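This report refers to the structure that appears directly beneath it.
Only the coordinates and a few stated rules stand behind these numbers; no lab work does. Keep in mind that this is a model prediction, so the values were computed, not measured. A quick note on method: Cβ atoms are made from the backbone with ideal geometry, for glycine too, and the neighbour counts reach across all protein chains shown.
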Amino acid sequence: MNTSFVLAGHLITTPEPKAFSVLENGYLVIENGLIQGCYSSLPEKYAALPLQRYDHQLIIPGLCDIHVHAPQYAYRGLGMDLELLEWLNTHAFPEEAHYEQMEYAQKAYGQFVHDLQNSATTRASIFATLHVPATLLLTQLLEQAGMRGYVGKVNMDRNSPDNLRERDAKESLRQTEEWLTQTASFRRVRPILTPRFVPSCSDELLEGLAALRKRDHLPLQSHLSENENEIAWVKELCPAASCYADAYALRGLLEEDGSVVMAHCVHPTDGERKILKEKKVLVAHCPASNTNLCSGIAPIRRFLEEGISVGLGSDIAGGYELSMFRAMTDAVQVSKLRSCFDPLKPKPLSLSEAFYLATKGGGQLFGQVGSFEKGYQADIVVLDDSRIESARPLKVEERLERAIYLEKDVRITAKYIAGEPVKLSTPNQ
Ligand code: GUN
Ligand code: FE
């Protein structure tokens, strides 16, 4: 596959959160799947590369969803009036138990992958279920679709229903080893260790996963300080821990830098923020889910000021939309609500900051991803916003702003991941 080419159009990216960087009628040069550079006129030395023109269209880095539950896609939009723990018992756990049946998994994961493939998301960090065959099927479907990212077989050995619980830590670890062995042939979609959260994993299981992580240098994803009832439960289950994050740290799960993603972090104590910073944990901010499951509003401004890394997640099905455009606008909106009631009056997020979180912020989980800087993976999405009418002329940056908010009227014209074109099976008319 030729992954060296040039795209022409309006280039928009956020190398820094504070502002969009816009190059009108620019040329984006891709060499061997990596960004070579952005140019206002095409340098002679690249004149021989295949050139694809997207005149008048918006060319942006692909969006990164760093927290999404694939098996929950089938019931998205249901149970939105429940709070987290009740919602897990009523909806999430019974639904996930279905993935023991491969016929069901084939159908439901097929729908999830189809929609992800046709969205503006290029990379994702995905929770599957505890079932090894269905998790491998999901990985295979994503790989075939040209998507990239991580998929995790979930670990659960306590406080879960009989039909969605592994017998004990040893059995859960054995299943994890089997899954890891079978993921060896996948190139684009790689495994990520996925203890569901402290309440559903015994100490022995968490310690076993820490040993696996150390042995195989694996990334890890889980949930942290999402909801007040959940946090109180973790305190009961793990009295020795100084905070929820410490319950993971005590079991050795936060060692090694930069490859741990923790969803939510809505109610961090001072000590917890210190751990997040020191251990270089990436926070997956999931504003829609935090609203729907009555969890609260995460202190994202504070995280950014303190140098804690943040990306965005849809958290399907706590969030009911797969769209990372929606995650951006939700992030801006809830940050405004937070500034209304937080005595510290944190400054709301700007749209460029939210865009940064959805691209370069979350992209760091996957390497150099989420920007058009030289050496970054060529993850690119092309947007045709011509159906959004405007009586007055708009600047390119304003057009992107509207495209993000009015996404239903935007057509995704093309999508590349690591320089490979992704087939869009349902170009929205
Ligand atoms: N905590 C543990 N499991 C889950 C889940 O599936 N969704 C959310 N939002 N939080 C969780
Ligand atoms: Fe989640």
Checklist entry - HN-Hα J couplings of segment 6-15 from phi, Karplus 6.51/-1.76/1.60, θ = phi - 60°, integer Hz, Gly and Pro as x? => result 10, 10, 10, x, 8, 9, 9, 8, 10, x
Checklist outcome for this item: dims of segment 24-107, Cα set, principal axes, largest to smallest, nearest Å -> 61, 30, 19
Next on the checklist: For segment 269-297 and segment 349-422, what is the centre-to-centre distance using only Cα atoms, to the nearest Å?
Outcome noted: 25 Å
Checklist entry - Taking the Cβ of Gln144 as the center, what net charge do the other residues with Cβ under 14 Å away carry, scoring Lys and Arg +1 and Asp and Glu -1? => result +2
Checklist outcome for this item: In segment 303-381, the trypsin sites (Lys or Arg not before Pro) that sit in a DSSP loop and have at most 15 other Cβ atoms within 10 Å of their own Cβ are Lys374
Item to check | Helical contribution to [θ] at 222 nm, DSSP H n ≥ 4, -39,500 (n - 2.57), averaged over the chain, rounded to 500 | outcome: -9500 deg cm²/dmol
Next on the checklist: I need His114, His285, His131 ordered by Cβ neighbour count within 10 Å, fewest first.
Outcome noted: His114, His131, His285
Next on the checklist: Using the Karplus curve 6.51 cos²θ - 1.76 cosθ + 1.60 with θ = phi - 60°, what ³J(HN,Hα) values do you get for each residue of segment 219-234, in whole Hz, with x for Gly and Pro?
Outcome noted: x, 9, 10, 6, 10, 8, 6, 7, 8, 4, 5, 5, 5, 5, 5, 4
Checklist entry - lysines within cross-link reach of Lys153: Cα-Cα under 17 Å, excluding same-chain residues under 8 positions apart? => result Lys170
Next on the checklist: Tell me the relative contact order for segment 126-169 as a rounded percent, counting alpha carbon contacts under 8 Å between residues six or more apart.
Outcome noted: 42 percent
Checklist entry - Along each of its three principal axes, how wide is the spread of alpha-carbon positions in segment 113-200, in whole angstrom units, largest first? => result 37, 24, 19
Checklist entry - Assuming R0 = 45 Å, what is the FRET efficiency of Glu389 and Lys277, from their Cβ-Cβ distance, to the nearest 0.05? => result 0.45
Checklist entry - Tell me, how many Å apart are the Cα centres for segment 109-158 and for segment 181-232? => result 15 Å
Checklist entry - Just from the alpha-carbon atoms, what are the Rg and Dmax of segment 352-401 in angstroms? => result 13.8, 42
Item to check | Base-10 log of normalised Debye intensity for segment 367-429 (one unit scatterer per alpha-carbon) at q = 0.20, 0.22, 0.28 Å⁻¹ | outcome: -0.88, -0.97, -1.14
Item to check | Cβ-based charge dipole, the chain, positive-most Cα from Ser350, Ala210, Leu237 | outcome: Ser350
Checklist entry - Based on the Cα atoms of the chain, what semi-axes does the equivalent ellipsoid have, where each is the square root of 5 times one gyration tensor eigenvalue, given in whole Å with the largest first? => result 35, 24, 20
Checklist entry - Expressed as a rounded percentage, what relative contact order does the chain have, with Cα pairs under 8 Å and six or more residues apart? => result 21 percent
Item to check | Charge sum, other residues only, whose C-beta stays under 10 Å from Ile417's C-beta, Lys/Arg counted +1 and Asp/Glu -1 | outcome: +2
Checklist entry - What pairs in Lys18/Lys347; Lys107/Lys408; Lys279/Lys347; Lys280/Lys360 have C-alpha atoms more than 19 Å from each other? => result Lys107/Lys408; Lys279/Lys347
Item to check | Note, ³J(HN,Hα) from phi for segment 66-75, Karplus 6.51, -1.76, 1.60, rounded to Hz, x at Gly and Pro | outcome: 9, 7, 8, 9, 4, x, 8, 4, 5, 10
